[in-house]
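The values are calculated or read from the model by the stated rules, or taken from the named source; none is laboratory data. Owing to the predicted nature of the structure, the values given are computational and were not obtained by experimental measurement. Positions of Cβ are generated from backbone atoms using ideal geometry, with glycine treated the same way; all protein chains shown enter the neighbour counts.
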There are 2 protein chains.
Amino acid sequence: MLHFELLASEGLARRARLTLNHGVVDTPQFMPVGTYGSVKGVLPSALEAMGAQIILGNTFHLWLRPGTDVIQRFSGLHRFEGWSGSMLTDSGGFQVWSLGAMRKISEEGVRFASPVNGDKLLLTPEISMQIQRVLNSDVVMQFDECTPYETEGRITNNDEARASMELSLRWARRCIAEFESLGNPNALFGIVQGGMFEGLREESLAQLVELDLPGYAIGGVSVGEPKEDMRRIVAHTPHRLPAHKPRYLMGVGTPEDLVEGVASGVDLFDCVMPTRNARNGHLFTRFGDLRLRNARHKDDPHPIDETCRCHACASGFSRAYLHHLDRCGEMLAPMLTSIHNLHFYLTLMREMREAIEQQRFAAWRAQFQADRARGI
Amino acid sequence: MLHFELLASEGLARRARLTLNHGVVDTPQFMPVGTYGSVKGVLPSALEAMGAQIILGNTFHLWLRPGTDVIQRFSGLHRFEGWSGSMLTDSGGFQVWSLGAMRKISEEGVRFASPVNGDKLLLTPEISMQIQRVLNSDVVMQFDECTPYETEGRITNNDEARASMELSLRWARRCIAEFESLGNPNALFGIVQGGMFEGLREESLAQLVELDLPGYAIGGVSVGEPKEDMRRIVAHTPHRLPAHKPRYLMGVGTPEDLVEGVASGVDLFDCVMPTRNARNGHLFTRFGDLRLRNARHKDDPHPIDETCRCHACASGFSRAYLHHLDRCGEMLAPMLTSIHNLHFYLTLMREMREAIEQQRFAAWRAQFQADRARGI
């Protein structure tokens with residue numbers, strides 16, 4: 001169901017090969033997000049062409065639409081989406097958390113009103129496992145409570161973060177029991193919580209490690225906290241996780257965040273940023289970010305980045321053309337910019353894998369930082 | 001600038017090879033519409049892959065955004081869009097006509113307020129030629145007045161249609177003068193008008209033929225008239241145009257319209273229908289039309305049409321998946337359905353070319369009608 005082979009390391013950074021039920025994932029790796037069963041604006045064939053090996057699906061969204069009855073008919077998400085690579089699904093925990101005042105958390109699970117049609121719904125560790133069994137994702141995430149950075153308008157305190165972390169641990173045990181009773185042939189990952197408190201993170205981690213899951217994630221970051229808190233937790237937790245198992249930093253982040261994550265020992269990342277920012281005209285490049293909506297691009301004949309080999313840049317689509325398409329609301333703008341941003345993220349990961357293999361990750365990272373600061 | 005070689009014919013239907021400044025166009029041919037310099041939702045590489053040889057750009061829209069100053073920097077629309085095939089631009093006449101009460105027509109041209117920013121603008125035969133010179137399209141359309149089907153709430157009468165047709169003829173002469181004085185190396189087409197009156201159409205045609213333009217279009221159809229009127233004009237006019245020059249039926253139409261057009265001697269077509277309908281979940285197939293939003297497709301594992309070889313059908317994307325994507329507002333839905341519909345239109349044209357070459361167009365047409373009536 002999961003095989004993880006460490007191939008090389010440099011400092012805390014690791015290069016590994018993760019084998020899942022639908023194939024191999026070379027790590028460090030980035031997972032494009034396909035919330036509703038589609039990476040927004042990108043054909044699966046284009047994802048393959050740019051080297052994506054694993055994509056993410058959102059249990060919460062897919063449960064509401066199209067619903068498990070439909071996906072069951074396709075024996076899971078892979079065939080429904082036409083994606084032959086690997087797939088990871090989140091547990092729905094983060095999405096119900098995002099509903100804010102519209103949801104009520106108890107020991108049993110989370111009750112909330114469907115944002116699609118107002119139906120009263122209950123999501124529990126067991127139900128999350130049942131849905132993910134139908135989705136048949138290669139990596140199943142435990143149902144957890146994502147500890148918020150703020151509670152009632154102030155920073156969440158240690159007691160509150162502890163209660164939340166302990167609830168997630170009890171839910172982890174219920175997830176394992178249900179996952180096993182369903183005979184799920186895939187891999188279940190646990191999620192370290194504990195808010196911004198290192199001590200709580202260590203307790204969460206220790207208890208999850210006792211459960212001997214095949215992989216672990218770091219959750220509860222990228223939830224509105226200041227960048228320095230995020231960096232502090234990312235520096236703290238990954239290398240404390242078992243070295244022989246994959247480590248996944250959830251919902252992170254910018255190109256810099258990915259590089260720091262890899263330097264801290266993270267293997268897997270996911271984030272909506274490359275596609276969402278693309279739709280908003282925010283382009284990532286090796287030499288810094290480019291705001292496509294800036295009027296200075298109006299008649300610029302250059303591609304987004306001349307050194308980039310994505311379909312948009314290699315075909316020579318100019319900044320002027322992309323600026324124009326975006327201004328006119330033409331779909332081709334987000335189509336091309338999403339390809340560019342995802343290609344950039346996946347290229348970063350590939351370069352980091354090669355650098356670690358060749359024991360030159362430290363130098364690569366310094367060059368990355370210098371290039372990004374150069375500006376484009 | 002234009003070479004037109006008749007290769008075969010069957011009845012009034014013709015198979016020809018049209019050579020323009022950017023390459024060969026096999027006719028009968030359909031031109032996907034790229035209003036703002038992009039065929040909505042379709043990558044230029046995908047258009048090439050499905051065999052598109054010529055696309056259409058809208059002078060009116062491109063004049064407003066991005067403006068001729070930007071396109072001038074790219075020496076025309078081809079390099080701006082990254083399209084290496086052929087291109088035809090309309091004159092802007094139809095679009096200003098579509099503005100309705102917002103425009104005022106005089107002998108000089110049309111005054112109107114920009115729908116983008118309210119600027120007061122004037123479009124004349126000369127200005128249309130100047131803009132199209134910058135766009136550097138392979139086929140330039142004369143600036144004309146599209147005679148409306150209705151005037152002041154009743155059907156346009158013969159006198160009104162005559163006045164409009166005669167204005168278009170005077171504008172045709174001004175277009176030729178300006179086109180020549182600009183040294184445009186491309187091909188200028190005249191447009192037959194005359195409303196729903198065969199006599200006026202014949203007068204318009206006769207006078208345009210005297211002007212000895214390299215190609216002719218039939219305008220003023222698909223302007224809200226009943227289907228039988230459209231069919232009557234399409235049956236009347238094409239074969240009266242010079243046999244050794246290309247004939248273009250503007251803004252038409254459904255798959256049936258294309259087949260009837262070819263049977264009546266038309267060589268070129270354009271229409272927004274395949275892409276616009278795709279975005280509305282209206283899919284064209286050999287076996288009739290399919291409404292993707294119909295709930296019966298909710299869990300249908302079949303592709304749109306199992307006999308279709310477009311990227312969407314050949315990759316096996318199911319009706320259930322497309323239905324789901326459409327329901328969730330995912331961009332991938334119009335991306336895949338636009339590919340399907342355009343592929344279907346282009347395949348129809350290819351099949352008609354082959355049928356005419358092999359002198360079996362009549363049989364092909366009967367089979368087409370039977371297949372379309374079968375239902376999917």
Legend entry - In the range B:134-158, the residues that are of a type in the set (A, V, I, L, M) and either part of a loop (DSSP other than H, G, I, E, B) or under 17 Å from the mean Cα position of the chain (by Cα) (or both): B:Val139, B:Val140, B:Met141
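Results for (1) of a type in the set (S, T, N, Q); (2) within 14 Å of chain B (Cβ to nearest Cβ); (3) free of Cβ contacts under 8 Å to residues at least 12 places away in the same chain; (4) in contact with a helix residue (DSSP H, G or I) (Cβ under 6 Å, 6 or more places away or on another chain), shown as yes or no for each residue.
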| residue | (1), (2), (3), (4) |
| --- | --- |
| A:Phe269 | no, no, no, yes |
| A:Met273 | no, no, no, no |
| A:Thr285 | yes, no, no, no |
| A:His323 | no, yes, no, yes |
| A:Ser338 | yes, yes, no, yes |
| A:Trp364 | no, no, no, yes |
| A:Ala373 | no, no, no, no |
Inset, instruction - Pull up the range B:309-320, narrow it to residues that are within 23 Å of B:Ala49 (Cα to Cα) and surrounded by 20 or more Cβ atoms within 10 Å (Cβ to Cβ), then point me to the one that is nearest to the other protein chains (Cβ to nearest Cβ). - result: B:Phe317
Legend entry - Single unsatisfied condition, B:His343 versus (1) at the interface with chain A (Cβ under 9 Å from one of its Cβ atoms); (2) part of a helix (DSSP H, G or I): (1)
Legend entry - Which listed residue is aromatic (Phe, Trp, Tyr) and in contact with a His (Cβ under 9 Å, 6 or more places away or on another chain), from A:Phe317, A:Phe344, A:Phe361: A:Phe317
Inset, instruction - Inspect all residues belonging to the range B:324-331 and state whether any of them is crowded, with 24+ Cβ neighbours inside 10 Å and among the aliphatic types (A, V, I, L, M). - result: yes
Legend entry - Breaking point among (1) under 17 Å from B:Leu188 (Cα atoms); (2) within 14 Å of chain A (Cβ to nearest Cβ); (3) surrounded by fewer than 21 Cβ atoms within 10 Å (Cβ to Cβ), for B:Pro115: (1)
Inset, instruction - Identify the single condition in (1) out of contact with any Ser or Thr (no Cβ under 8 Å at 6 or more places or on another chain); (2) touching a residue at least 40 places away in the same chain (Cβ under 8 Å); (3) more than 30 Å from B:His78 (Cα to Cα) that B:Ala243 does not satisfy, given that it satisfies every other one. - result: (3)
Inset, instruction - Considering each of A:Val192, A:Val234, A:Val140 in turn, give the residue that is farther than 24 Å from A:Ser106 by Cα, modelled with pLDDT of 95 or more and touching a Leu at 6+ places or on another chain (Cβ under 9 Å). - result: A:Val234
Inset, instruction - Specify which of the listed residues (B:Val110, B:Val96) is closer than 24 Å to B:Tyr216 by Cα, surrounded by fewer than 24 Cβ atoms within 10 Å (Cβ to Cβ) and more than 14 Å from every other protein chain (Cβ to nearest Cβ). - result: B:Val110
Legend entry - Pairs with Cβ under 8 Å, 6+ apart, first in the range A:149-169 and in contact (Cβ under 8 Å) with a residue 60 or more places away in the chain, second exposed (fewer than 15 other Cβ atoms within 10 Å of the Cβ) and in a helix (DSSP H, G or I): none
Legend entry - Test set (1) more than 23 Å from A:Pro28 (Cβ to Cβ); (2) within 16 Å of the chain's Cα centre (by Cα) - A:Pro185 fails condition number: (2)
Legend entry - Single residue of A:Cys328, A:Cys310 found to be outside the structural domain of A:Phe94 (by TED's automatic domain parsing) and in contact (Cβ under 8 Å) with a residue 12 or more places away in the chain: A:Cys310
Inset, instruction - Sort out which residues of the range B:35-59 are outside any helix (DSSP H, G or I) and within 13 Å of chain A (Cβ to nearest Cβ), and write them in order of number. - result: B:Thr35, B:Tyr36, B:Gly37, B:Ser38, B:Val39, B:Lys40, B:Gly41, B:Val42, B:Leu43, B:Ile55, B:Gly57, B:Asn58
Inset, instruction - Looking only at the range A:23-34, decide whether some residue is within 14 Å of another protein chain (Cβ to nearest Cβ) and farther than 21 Å from B:Pro303 by Cβ. - result: yes
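Quick grid of which residues meet (1) in contact with a helix residue (DSSP H, G or I) (Cβ under 9 Å, 6 or more places away or on another chain); (2) surrounded by fewer than 19 Cβ atoms within 10 Å (Cβ to Cβ); (3) assigned by TED's automatic domain parsing to the domain that holds A:His340; (4) over 20 Å from B:Cys328 (Cα atoms):
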residue: A:Leu20; (1), (2), (3), (4): no, no, no, yes
residue: A:Thr35; (1), (2), (3), (4): yes, no, no, no
residue: A:Leu43; (1), (2), (3), (4): yes, no, no, no
residue: A:Ala46; (1), (2), (3), (4): yes, no, no, yes
residue: A:Asp90; (1), (2), (3), (4): yes, no, no, no
Inset, instruction - Being in contact with a strand residue (DSSP E or B) (Cβ under 7 Å, 6 or more places away or on another chain) and over 21 Å from A:His297 (Cα atoms) is the filter here, so list the residues in the range A:333-349 that pass it. - result: A:Tyr345, A:Leu346, A:Met349
Legend entry - Close pairs (8 angstrom Cβ cut-off, 6 or more residues apart or separate chains): touching a residue at least 40 places away in the same chain (Cβ under 8 Å) and on the phi > 0 side of the Ramachandran plot in the range B:6-34, among the hydroxyl-bearing types (Ser, Thr, Tyr) and surrounded by fewer than 19 Cβ atoms within 10 Å (Cβ to Cβ) anywhere: B:Gly23/B:Ser84
Inset, instruction - Determine whether A:Ile356 is in a loop (DSSP other than H, G, I, E, B), surrounded by 22 or more Cβ atoms within 10 Å (Cβ to Cβ) and more than 9 Å from every other protein chain (Cβ to nearest Cβ). - result: no
Inset, instruction - Assess whether A:Gly85 counts as being at positive phi and either touching a His at 6+ places or on another chain (Cβ under 6 Å) or of a type outside the set (Lys, Arg) (or both). - result: no
Legend entry - Output for the range A:246-260, where each listed residue is of a type in the set (Gly, Ala, Ser) and in contact (Cβ under 8 Å) with a residue 40 or more places away in the chain: A:Gly251
Inset, instruction - Within the range A:62-77, track down each residue that is of a type outside the set (Gly, Ala, Ser), surrounded by fewer than 21 Cβ atoms within 10 Å (Cβ to Cβ) and touching a residue at least 12 places away in the same chain (Cβ under 8 Å). - result: A:Leu64, A:Arg65, A:Thr68, A:Gln72
Inset, instruction - Go through the residues of the range B:291-304 one by one and say whether even a single one is in contact with an Asp or Glu (Cβ under 8 Å, 6 or more places away or on another chain) and either over 30 Å from A:Thr35 (Cα atoms) or among the hydroxyl-bearing types (Ser, Thr, Tyr) (or both). - result: no
